[in-house]
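Engineer: Just passing along the structure, written as structure tokens.
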Amino acid sequence: MYTLSMNQLGVIGLGTMGAALARNAARNGAEVSVYNRTQGITDEFMKEYGQEGEIKAFKSYKDLVQSLAHPRAILIMVKAGYPVDKVINDVREFLEPGDIIIDGGNSLYSDSERRFEELEKKGLRFIGLGVSGGEEGALNGPSMMAGGDSDSYKELEDLLASMAADDGEGGKCVSFLGEGGAGHFVKMVHNGIEYGVMQIIAECYDVLKRIGGFTNEQLSETFAAWRDSDELNSYLLEITADIFTKKDPEGSEDLIDVIKDSAGQKGTGKWTTQAAHDFGVAIPTINAAVDARIISGSEEERESGNDFPVSVDEQDPIPPPKKLNSILRNAYELSVILTYLQGLSLIKKANEEKEWGIDASEVARIWQGGCIIRSVLLKSLQNSLSSDNEVASAAKEELINRFSGDPQKDWRRIVTYASSRGIPIPAISASLSYWDSLRSDRLPQNLIQAQRDFFGAHGFERVDKEGEGFHGGW
């Protein structure tokens with residue numbers, strides 16, 4: 001067992017997140033050695049932040065490594081994929097057995113699994129560290145999801161805990177989740193949930209604006225009221241309320257109205273969708289959110305849609321703004337709950353197959369501070385996943401009860417209002433269909449199995465007999 005000095009950390013990559021994490025570590029008492037491939041960025045960083053703690057800059061990997069006592073901890077904050085492999089390969093020749101490489105970027109979990117195994121063979125240790133919170137979170141306290149080498153994490157735990165956000169109950173939003181790629185898998189799913197919730201909020205905005213006629217000021221007030229409620233409080237609602245108050249610095253309009261309606265993505269949503277297919281887990285809300293971003297950026301396809309015929313039915317009376325707000329609030333709440341549950345179901349299934357040892361309740365706990373998807377809802381989800389059966393049962397009952405009565409009716413009303421007026425709400429609609437699929441005693445896939453057997457002799461199971469491979473003799 002190596003003994004790591006928690007007061008030292010090397011940081012390679014001084015982009016937005018790398019710079020913020022380096023400053024965070026220094027502010028919390030660590031001696032930080034930094035390096036960036038572009039020297040000008042390093043110089044600017046030192047000029048702006050070099051006095052925030054014990055920070056030293058170096059012009060080569062060799063010098064950075066030699067500045068740290070063995071065993072060393074080196075945090076890599078560069079673009080996911082080949083750049084991470086390139087840095088690892090280049091810095092590795094200066095490292096010694098027992099040194100720890102930490103990948104704090106948004107790496108694909110399978111890449112982290114590969115790096116963990118490759119470095120282990122060379123006597124080096126690896127931590128795949130998912131970091132959420134954006135620039136502000138990285139600086140003032142992110143949520144951190146660690147995977148890889150468990151002994152390395154124990155040595156790093158004090159340093160990481162000093163840097164992490166508070167969970168609101170005396171703990172820190174950092175945890176070792178499992179071997180290999182567990183940390184980056186959980187971070188990937190975190191981002192998938194983020195896609196889903198952001199899309200649901202965007203659809204609520206669209207409905208309120210296009211059906212309810214809400215002004216930007218009213219939209220800000222609406223999302224602020226949702227944010228301040230005991231049931232819905234979240235970071236994403238907080239920033240949404242603020243967005244509608246911002247004026248265009250280059251003109252007199254509200255900034256939201258001059259932003260092009262084409263959303264970007266860096267790949268983690270797509271990875272979540274791919275992983276769900278690989279593990280056989282339904283995450284329709286997250287899939288819909290990924291598709292919505294793709295469609296928004298597909299200019300040629302959207303232009304072709306200008307000629308599509310449209311037939312809408314606007315006879316259904318729309319309730320007054322205050323009532324519409326209340327109805328949509330319920331649709332938002334139920335859709336968001338299912339988005340989190342879809343993500344957690346994916347983590348659970350992947351954990352069963354990969355045998356990482358992830359504690360889903362612990363995942364919900366460390367998402368309660370610092371990260372982009374932090375929300376009051378996560379406390380209920382944490383309790384529903386508790387190992388205490390009494391606590392888990394009560395929390396599950398409370399969550400299920402939210403779907404009863406008028407809230408569920410309102411959820412259905414919103415889908416009707418939007419559909420009848422030709423307004424796409426793919427994530428909210430997918431959430432409702434997901435709910436109805438789970439609660440249905442019988443789904444129409446028996447017909448699909450019949451079709452598959454008809455044209456391909458794929459066989460089917462029967463409801464009245466055990467076994468597989470029955471054929472219809474069509």
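The values are calculated or read from the model by the stated rules, or taken from the named source; none is laboratory data. Being a predicted model, the structure only gives us computed values, none of them experimental. Neighbour counts are summed over all protein chains in view; Cβ atoms, including those assigned to glycine, are modelled from backbone coordinates with ideal geometry. The protein model used for the area step is the full one, side chains on, heavy atoms only, and it has no ligands, DNA or RNA in it. Shrake-Rupley method; radii C 1.70, N 1.55, O 1.52, S 1.80 Å.
Engineer: Which condition does Ala275 not pass, out of (1) surrounded by 23 or more Cβ atoms within 10 Å (Cβ to Cβ); (2) outside any loop (DSSP other than H, G, I, E, B), if it passes all the others?
Structural biologist: (1)
Engineer: Next question. Could you please let me know if Asp410 is open to solvent by 80 Å² or more (accessible area, probe 1.4 Å) and modelled with pLDDT of 95 or more?
Structural biologist: Numbers: open to solvent by 80 Å² or more (accessible area, probe 1.4 Å): no; modelled with pLDDT of 95 or more: yes.
Taking the combined requirement at face value, the residue does not satisfy it.
Engineer: I need a count of the residues in the stretch 256-272 that are touching a Phe, Trp or Tyr at 6+ places or on another chain (Cβ under 9 Å) and either outside any loop (DSSP other than H, G, I, E, B) or surrounded by fewer than 12 Cβ atoms within 10 Å (Cβ to Cβ) (or both). Give the derivation first.
Structural biologist: Taking the stretch 256-272 and keeping what is touching a Phe, Trp or Tyr at 6+ places or on another chain (Cβ under 9 Å), we get 256, 265, 268-269, 271-272.
From the residues that got through so far, the ones that are either outside any loop (DSSP other than H, G, I, E, B) or surrounded by fewer than 12 Cβ atoms within 10 Å (Cβ to Cβ) (or both) too are 256, 268-269, 271-272.
Number satisfying all stated conditions: 5.
Engineer: Which pairs turn up if I take residues in the stretch 85-106 that are closer than 16 Å to Ala182 by Cβ and look for partners that are buried (at least 21 other Cβ atoms within 10 Å of the Cβ) and modelled with pLDDT under 95 with beta carbon separation below 6 Å, at least 6 apart in sequence or on another chain?
Structural biologist: Cβ pairs passing all conditions: Asn106/Thr268.
Engineer: Is it true that some residue in the stretch 278-287 is over 14 Å from the mean Cα position of the chain (by Cα), outside any helix (DSSP H, G or I), over 23 Å from Ile358 (Cβ atoms) and not acidic (Asp, Glu)?
Structural biologist: The answer is no; no qualifying residue exists.
Engineer: Hey, could you check the stretch 363-383 for residues that are charged (D, E, K, R) and in contact with a Ser or Thr (Cβ under 9 Å, 6 or more places away or on another chain) and say which is least open to solvent (accessible area, probe 1.4 Å)?
Structural biologist: Quick first cut of the stretch 363-383, residues charged (D, E, K, R) only: 365, 374, 379.
Filter again for in contact with a Ser or Thr (Cβ under 9 Å, 6 or more places away or on another chain), leaving 365, 374.
Details: Arg365: 40, Arg374: 65 Å².
Among those that are charged (D, E, K, R) and in contact with a Ser or Thr (Cβ under 9 Å, 6 or more places away or on another chain), it is Arg365.
Engineer: Quick check on this structure: which one of Arg374, Arg365, Arg329 is more than 23 Å from Leu177 (Cβ to Cβ) and among the basic types (Lys, Arg)?
Structural biologist: Details: Arg374 fails: more than 23 Å from Leu177 (Cβ to Cβ); Arg365 fails: more than 23 Å from Leu177 (Cβ to Cβ).
None of the others qualify; the one that does is Arg329.
Engineer: Still on this structure: Consider the stretch 290-335. How many of its residues are open to solvent by less than 70 Å² (accessible area, probe 1.4 Å), polar (S, T, N, Q), free of Cβ contacts under 8 Å to residues at least 60 places away in the same chain and assigned to a helix (DSSP H, G or I)?
Structural biologist: Looking only at that region, the number is 2.
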